[in-house]
Amino acid sequence: KALDWILGPNNNPFDPEKDKHQIMQRYQLAALYYSTTGENWTNNGNFLSADDECNWYQESVICAEDGRVTNITLANNVLKGILPSE
């Protein structure tokens, strides 16, 4: 599902050479979403939107200045499933 989402129409077009890091990061977050039933979270904010992933889930996805995710806080959000190895 995460790969389908990355390649789907609801994602931003990426340059594979220039945006390699962002593609991987968005894929990993999508894998987390799908493997923990994100559609059933108490608050899934704008996860998997075309917005920059650093703006997903009402500032609970924290990024460094370079755009790399450094922290994810999903407390009290009824996650179910297995955390992906990605």
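The values are calculated or read from the model by the stated rules, or taken from the named source; none is laboratory data. What you see is a predicted model, and the numbers here were worked out from it, not measured in a lab. Here the Cβ is made from the backbone with ideal geometry for all residues, glycine too, and neighbour counts use every protein chain on show. Accessible surface is based on the protein model in full, side chains and every heavy atom, while ligands, DNA and RNA are left aside. Shrake-Rupley method; radii C 1.70, N 1.55, O 1.52, S 1.80 Å.
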>> Return the residues of the range 57-82 that are at pLDDT below 85 and within 14 Å of Y33 (Cβ to Cβ); say none if nothing qualifies.
In response: Y57, S60
> Any idea which residue in the range 4-14 is nearest to D66 (Cα to Cα), counting only those that are in a loop (DSSP other than H, G, I, E, B) and open to solvent by 70 Å² or more (accessible area, probe 1.4 Å)?
Replying inline: P13
> Tell me, which residue of the range 18-56 that is in a helix (DSSP H, G or I) and of a type in the set (D, E) is least open to solvent (accessible area, probe 1.4 Å)?
Replying inline: E53
